[in-house]
1. Binning at 5 angstrom from zero up to the longest distance, how are the C-alpha pair distances of the range 336-424 distributed in percent?
2. With r defined as the distance between the Cβ atoms of LEU410 and GLU206 and R0 fixed at 51 Å, what FRET efficiency is calculated, to the nearest 0.05?
3. Could you give me the ³J(HN,Hα) list for the range 347-363, computed from phi with Karplus coefficients 6.51, -1.76, 1.60 and θ = phi - 60°, whole Hz, x at Gly and Pro?
4. List the residues, sorted by chain then number, that are 5 or more residues from GLY296 or on another chain and whose placed amide H is less than 5 Å from its amide H.
5. Roughly how many debye, to the nearest 20, is the charge dipole of the range 299-445 about its Cα centre, given +1 on each Lys and Arg Cβ, -1 on each Asp and Glu Cβ, and no other charges?
6. How far apart, in nanometres, would the label points at ILE23 and ARG309 be if each is projected 7 angstrom from Cα along the Cα-to-Cβ direction?
7. Report, by chain and number, residues whose modeled amide H sits under 5 Å from the one on ASP374, excluding near sequence neighbours (fewer than 5 apart, same chain).
8. As an exercise, find the ratio Rg/Rh for the range 229-346 from alpha-carbon atoms, using the Kirkwood inverse-distance average for Rh.
Amino acid sequence: MKKTVAAVSSVVWSALLTVMKFIVGIITGSLGILSEALHSALDLLAALGSLVAVRIAARPADDEHPYGHGKVENLMALVETLLLLATAAWVVKEAVNRLLSDSPEALHVETSIWAFAVVIVSLVVDINRSAMLKRIAKETKSAALEADAAHFASDIWSSAAVLLGITGAACVGFTQEGTTLHWLLLRADVLASLGVVLLILHICRELGVKAINNLMDKANSETAEKILALMKTRMPAYRVTRLRAREVGMKVYTEIEVAVPQELHIDTAHEIADAIEELIASLFADAETIVHMQPGAMPEDTPELLIRRIALTHRFGIHGLVLMQAEQGLIIFADLELPAHATLEGWHVAIQAFRSEVQRKLNAQSVIVHVEPDVRELPAYTPDIPPDWEKQVRQAMIHLGAPLPTSIQLYTQGQHRLCIVSIPTEYSLNVQESHNRISSINKRLREQLPNIARIIVTYE
């Protein structure tokens, strides 16, 4: 709707200014005003074209145009560029003819209050119109309106040049014939028209290159860089191996290839692809994304990964890993996870074998282990569960100043109870900060609530 209103407004003002400039240009004989009139006439055609382009571009995608109709705006911007070039060619031809003519009448300009009035009105209108179109073009990413805004921005400067030209023509009678100043003021109007041409050519270059790039689907490096930065921040586990991005109007089309572990189930890979699409949509609201999963090669083992792989070969888990490069050499500490009812005698050989292999492969000075049960049993809770248990949890979270839970789930098995409190993910925190935050909330929440269940706070 905004684009249509802006385009209609542009058409109305273009028509009004074109008529005014032609009338005053013919009356005064000013080439500068006539060039401006012709420029405005072409702007009127361009504004009409933009109105049509905006309406066509708003149509939804169909079978014949599965990517929508957005490129019609780029096509119209290219047409406007060609029309401006034609205007520039006519003005140059007329200016050269007047400069080379032997007739004094060729350089004569009949100045009047109307000549100054129409140029000043044009300046005021173009300043306001250009600002309005530029703002809406930026909001809606409309190439056609952006082209219109650029045209009217150039009109501001060209109108200023014409104003100087007719001012010079008005002052020529106050100079002495044969002087340099007289010669310049006599040709001020023609020189002003050539200044308009230079501005037109500058605008044509910018609009033409951009329209052609969009029509040729030139890659948008700025969009690609934003997506890569977001993937690196939010999904560092999945390396982007290929990315193609382009823009058509307000829509962003992206094709992205990411490397994932080759062991992934197809359903899991599909969920990751959906998450990537949602991530890009959070950056570009009207984005269409195609995600391709590429089985990734296993990364080279870091010391930490190597230790974990060695632990798995001995059939126990590991956590709390610490590596310290001391003066005596590399010191390694690890928590080993063994079956809760296993005997240390039964696992002594496996533990020693793990320590020896880690020490040998990493050339460690010392490998220290701490044994913990791999699965911990929940303690029994004898008090009955209050009917307002969920309300109590929410009130306790409010009292602690913690985020409101997104869900509260209570699981029971006889007298064993487990309460999972999920809170919104705080993406601004790193892993260590997140761990500290959750640990603090867990501890304080357990102190606030009655001893009837084990409570675990986690991010959703």
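The values are calculated or read from the model by the stated rules, or taken from the named source; none is laboratory data. No experiment lies behind these values; they were computed from the predicted model shown. FYI the Cβ positions are ideal-geometry reconstructions off the backbone, even for glycines, and counts take in every protein chain you see. Areas reflect the complete protein model, heavy atoms only, side chains present, ligands, DNA and RNA absent. Shrake-Rupley method; radii C 1.70, N 1.55, O 1.52, S 1.80 Å.
1. Computed distribution, short to long bins: 3, 10, 14, 12, 10, 10, 8, 9, 10, 9, 3, 0.
2. Numbers: r = 64 Å, r/R0 = 1.25.
Computed FRET efficiency for LEU410 and GLU206 comes out at 0.20.
3. Each residue of the range 347-363 in turn: 9, 4, 5, 5, 5, 5, 5, 4, 5, 5, 5, 4, 5, 6, 6, 9, 6 Hz.
4. For GLY296, the qualifying residues are VAL260, GLN262.
5. On the way: 13 positive and 16 negative charges, 28 e Å.
Charge dipole of the range 299-445: 140 debye, to the nearest 20.
6. 8.6
7. Residues meeting the amide H criterion: LEU338, ALA340.
8. Working: Rg = 20.8 Å, Rh = 17.9 Å.
With Rg and the Kirkwood Rh in hand, the quotient comes to 1.16.
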